[in-house]
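Notes for the one structure printed next.
The values are calculated or read from the model by the stated rules, or taken from the named source; none is laboratory data. Keep in mind that this is a model prediction, so the values were computed, not measured. Ideal geometry is used to build each Cβ from the backbone, glycine not excepted, and the neighbour counts take in all protein chains shown.
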Amino acid sequence: MNHTKGGLVIFTANSHPSSREMGKRIAERLGVELGQLQVYQEANRETRVQIQESVRGKDVFVIQTMSKDVNTSIMEMLIMVYACRTSCARSITGVLPYFPYSKQCKMRKRGSIVTKLIASMMCKAGLTHLITMDLHQKEIQGFFNIPVDNLRASPFLLQYIQEEIPDYRNAVIVAKSPASAKRAQSFAERLRLGIAVIHGEAQDAESDQVDGRHSPPTVKTTGAIHPSMEIPLLIPKEKPPITVVGDVGGRIAIIVDDIIDDVDSFVAAAETLKERGAYKIFVMATHGLLSSEAPRFIEESAIDEVVVTNTIPHELQKLQCPKIKTVDISMILSEAIRRIYNGESMSYLFRNIGVDD
Amino acid sequence: MPNIKIFSGSSHPDLSQKIADRLGLELGKVVTKKFSNQETCVEIGESVRGEDVYIVQSGCGEINDNLMELLIMINACKIASASRVTAVIPCFPYARQDKKDKSFFDIPVDNLYAEPAVLKWIKENILEWKNCIIVSPDAGGAKRVTSIADRLNVDFALIHKERKKANEVDRMVLVGDVTDRVAILVDDMADTCGTICHAADKLISAGATRVYAILTHGIFSGPAISRINNACFEAVVVTNTIPQEEKMKHCSKIQVIDISMILAEAIRRTHNGESVSYLFSHVPL
């Protein structure tokens, strides 16, 4: 470590014990102790953060994983960052393996672009740099006016495929909807495998499909406005029956995606692939949100294994469903922290990453 | 009133409805829910283009969730071209971690006072109010208490913590005479209620005939309700900045002052560009 600068301090501002795992691992790899900090919720549910060591002139890294209580995790981070800023920290880097609200990054009807709101709040609180992993949309980097390092989990997932799936050379990388085709393509290229794309399954209500509504909103009932002022209505998209483009007969199917949250679409895709002749079905995703009944649905489905990284703690879900496996990515986060602190180049961490990953 | 819309967050729908009723308006349509991954989702259900929007959200219950909901709603209204967005926050969260001072904000802040409503309640509900004594449970509230005492033309007292020696626990000392008087404790918020319950004991043992507690924000977290039930209060009165229905079921001593008319009047005056300072000393009908 470079000791001529103020020094490095790593904090993890999570109050939930399972969320502190990542922070502990990273600190271990870097050979430093986690900073002394108290984060807790008071009786009236307000979050309180008390830093117990000096951060003046130091490079602070705040590692924050998103727990079940997303809003509380965000608040803990904001309070922590602001406290460091007002205590004259030299720089404050946020390490958020999973960036919250990343699925609400587009305008939906009369909603709000929450990702932009959170980006603004973090910058205003005093964040000077952000390290995250596999942003849902790369454009989210543009919401920030500070440098953002969007690391990739794909090398780890690729390594898992090559080491843990014995006959992976007989596999096909599958995109469960056309939206994830580019990601499937970048995986397939690096493994020298073919791809398949599933098209036509019902989109769930929570998907970030832009509904084409900009201002003014399109009028539904044509009777209400003057006939000469009719604005042509947007034709609703037709949903074709489920088709699989590509051949999965007699092969292992590996579905890749960035987030696995509500598993309905994955389970449906697995059914389809099984019907078309796939003999084993894997799901590889970077962020395993696995909310509510997901573990049970996976257990009962045709999916053989679900592989996620430890960006989001999911111990409870693993207990409920033994099909879920974890890949540890703390190595790349700690390497990123080390390089940023020492002012070294980060390009080594991005070698072998295609344009579409 | 044209061009005005009032939306309610999910923290205190009852108060929002009362405010809307007083203004003769319907609450705006908005859907607030949480996705299965616990992320908040807000969708405004009607047009707010060019409207003067008021969002009512109190900092109570799950504070971080309600705060995020408020921020997202404000953001959504701004993006939907509302002409002005005003947040109505009856109980401001995180108020004890830093002062809720006007200078901390870049935008106009109207900090309303419950005092007029408190005075009205005292005159209407405490028979011997002309001979009562207003007490502050700590030295910090002296200004608040003297203001009320002056307007009622009654005496005041205060309780302060005295530490005799380094390792000794604070002693509570009553400054003022409460013998044979009805004592009314006044404070801005009641959280765990440790302080006011001790204060009540002190007042009774000093000769007060009855003890009332009037607090603007009734947070009542942790052991608060059981402490109140075991203490010697005649009544504990709070405003409805924070929903109290659940807590009233567990404690019969809690009474509620409705302050929806103050907020409604503030909204009406702000919308019409009138002065809000009338509300600092009067309760609207």
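Does the range B:200-221 contain at least one residue that is among the aromatic types (F, W, Y) and surrounded by fewer than 20 Cβ atoms within 10 Å (Cβ to Cβ)? Quick ask: steps written out before the conclusion?
Pass one, the range B:200-221, residues among the aromatic types (F, W, Y): B:212, B:220.
From the residues that got through so far, the ones that are surrounded by fewer than 20 Cβ atoms within 10 Å (Cβ to Cβ) too are none.
Among the residues of the range B:200-221, not one is among the aromatic types (F, W, Y) and surrounded by fewer than 20 Cβ atoms within 10 Å (Cβ to Cβ), which makes the answer no.
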Residue satisfying condition, being in contact (Cβ under 8 Å) with a residue 12 or more places away in the chain, not aromatic (F, W, Y) and not in a helix (DSSP H, G or I), within set A:T286, A:T272: A:T286
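Using the structure shown, decide if B:S260 is small (G, A, S), within 22 Å of B:P93 (Cβ to Cβ) and in contact (Cβ under 8 Å) with a residue 24 or more places away in the chain.
Details: small (G, A, S): yes; within 22 Å of B:P93 (Cβ to Cβ): yes; in contact (Cβ under 8 Å) with a residue 24 or more places away in the chain: yes.
Answer is yes for this residue.
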Checking B:A114 against (1) closer than 24 Å to A:E42 by Cβ; (2) touching a strand residue (DSSP E or B) at 6+ places or on another chain (Cβ under 9 Å); (3) at the interface with another protein chain (Cβ under 8 Å from one of its Cβ atoms), the condition it does not meet: (3)
Test: residue in the range A:127-141 that is buried (at least 19 other Cβ atoms within 10 Å of the Cβ) and within 14 Å of another protein chain (Cβ to nearest Cβ): yes
Residue selected from the range B:182-195 under the condition surrounded by fewer than 24 Cβ atoms within 10 Å (Cβ to Cβ) and outside any strand (DSSP E or B), by the criterion nearest to the chain's Cα centre (by Cα): B:D191
In the range B:89-136, residue surrounded by the most Cβ atoms within 10 Å (Cβ to Cβ) [restricted to those that are at pLDDT below 90 and among the polar types (S, T, N, Q)]: B:Q97
Enumeration of residues in the range B:30-63 that are among the aromatic types (F, W, Y) and more than 8 Å from every other protein chain (Cβ to nearest Cβ): B:Y54
Residues (within 12 Å of chain B (Cβ to nearest Cβ), touching a strand residue (DSSP E or B) at 6+ places or on another chain (Cβ under 6 Å) and within 21 Å of A:E76 (Cα to Cα)) located in the range A:89-117: A:Y98, A:F99
Qualifying residue in the range B:164-180 (condition: within 14 Å of another protein chain (Cβ to nearest Cβ) and hydrophobic (A, V, I, L, M, F, W, C)): no
Counted residues, the range A:1-33 - those being within 19 Å of A:Y82 (Cα to Cα) and within 14 Å of chain B (Cβ to nearest Cβ): 3
Filter result (more than 14 Å from chain A (Cβ to nearest Cβ), out of contact with any Cys (no Cβ under 6 Å at 6 or more places or on another chain) and farther than 18 Å from B:C91 by Cα) within the range B:212-235: B:Y212, B:A213, B:N230, B:C232, B:F233, B:E234, B:A235
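Yes/no matrix, rows are residues, columns are (1) closer than 20 Å to A:Y160 by Cα; (2) surrounded by fewer than 17 Cβ atoms within 10 Å (Cβ to Cβ); (3) within 18 Å of the chain's Cα centre (by Cα):
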position: A:T309; (1), (2), (3): yes, no, yes
position: A:H314; (1), (2), (3): yes, no, yes
position: A:L333; (1), (2), (3): yes, no, yes
position: A:A336; (1), (2), (3): no, no, yes
position: A:F350; (1), (2), (3): yes, yes, yes
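Kindly evaluate B:I19 against the criterion of being buried (at least 18 other Cβ atoms within 10 Å of the Cβ), more than 13 Å from every other protein chain (Cβ to nearest Cβ) and either under 26 Å from the mean Cα position of the chain (by Cα) or among the charged types (D, E, K, R) (or both). It would help to see each step written out before you state the result.
On the way: buried (at least 18 other Cβ atoms within 10 Å of the Cβ): yes; more than 13 Å from every other protein chain (Cβ to nearest Cβ): yes; either under 26 Å from the mean Cα position of the chain (by Cα) or among the charged types (D, E, K, R) (or both): yes.
In short, yes.
Matching residues to (1) assigned to a loop (DSSP other than H, G, I, E, B); (2) at pLDDT below 90; (3) hydroxyl-bearing (S, T, Y):
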{"site": "A:M1", "(1), (2), (3)": "yes, yes, no"}
{"site": "A:S19", "(1), (2), (3)": "no, yes, yes"}
{"site": "A:G23", "(1), (2), (3)": "no, no, no"}
{"site": "A:I26", "(1), (2), (3)": "no, no, no"}
Test for A:P155: is it surrounded by fewer than 22 Cβ atoms within 10 Å (Cβ to Cβ), more than 14 Å from chain B (Cβ to nearest Cβ) and touching a His at 6+ places or on another chain (Cβ under 6 Å): no
Pairs with Cβ under 6 Å, 6+ apart, first in the range A:95-115 and closer than 30 Å to A:V9 by Cβ and in contact (Cβ under 8 Å) with a residue 24 or more places away in the chain, second among the acidic types (D, E) and buried (at least 22 other Cβ atoms within 10 Å of the Cβ): A:Y101/B:E39
Neighbours by Cβ (under 7 Å, 6+ apart or cross-chain): first from the range B:164-193, farther than 23 Å from B:R210 by Cβ and modelled with pLDDT under 90; second part of a loop (DSSP other than H, G, I, E, B) and not aliphatic (A, V, I, L, M): B:D170/B:R163; B:R171/B:K164; B:D191/A:N44; B:D191/B:S221; B:T192/B:S221; B:T192/B:G222; B:T192/B:P223
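Scanning the range A:225-278 for residues that are closer than 30 Å to A:P313 by Cβ and not aliphatic (A, V, I, L, M), which turns out modelled with the lowest pLDDT?
Within the range A:225-278, the first condition is being closer than 30 Å to A:P313 by Cβ, and the residues that meet it are A:252-271, A:273.
With the extra rule that they be not aliphatic (A, V, I, L, M), the set shrinks to A:257-258, A:261-262, A:264-266, A:271.
Values: A:D257: 93, A:D258: 92, A:D261: 89, A:D262: 84, A:D264: 90, A:S265: 90, A:F266: 92, A:E271: 91.
Among those residues, the one meeting the criterion is A:D262.
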Among (1) touching a residue at least 12 places away in the same chain (Cβ under 8 Å); (2) away from chain A (no Cβ under 12 Å); (3) part of a helix (DSSP H, G or I); (4) not aliphatic (A, V, I, L, M) - the single one B:T86 does not satisfy: (3)
Conditions (1) out of contact with any strand residue (DSSP E or B) (no Cβ under 6 Å at 6 or more places or on another chain); (2) away from every other protein chain (no Cβ under 14 Å); number of the one not met by A:S120: (2)
Residue, farthest from A:A336 (Cα to Cα), within the range A:34-75, restricted to residues that are within 27 Å of the chain's Cα centre (by Cα) and away from chain B (no Cβ under 14 Å): A:L37
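Let's see how each residue does on (1) in contact with a Lys or Arg (Cβ under 7 Å, 6 or more places away or on another chain); (2) without any contact (Cβ under 8 Å) to a residue 12 or more places away in the chain; (3) charged (D, E, K, R):
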residue: B:M1; (1), (2), (3): no, no, no
residue: B:A20; (1), (2), (3): no, no, no
residue: B:T40; (1), (2), (3): yes, no, no
residue: B:E43; (1), (2), (3): yes, no, yes
The listed residue being modelled with pLDDT under 90, closer than 21 Å to A:L130 by Cα and of a type outside the set (A, V, I, L, M, F, W, C), out of A:N14, A:N44: A:N14
Of the criteria (1) within 12 Å of another protein chain (Cβ to nearest Cβ); (2) not in a loop (DSSP other than H, G, I, E, B), which one B:P93 fails: (2)
Failed criterion for A:V32 (all others in (1) modelled with pLDDT of 90 or more; (2) buried (at least 22 other Cβ atoms within 10 Å of the Cβ); (3) among the hydrophobic types (A, V, I, L, M, F, W, C) hold): (2)
Residue under evaluation A:T86, criteria (1) within 11 Å of chain B (Cβ to nearest Cβ); (2) surrounded by fewer than 22 Cβ atoms within 10 Å (Cβ to Cβ); (3) touching a helix residue (DSSP H, G or I) at 6+ places or on another chain (Cβ under 7 Å), criterion not met: (3)
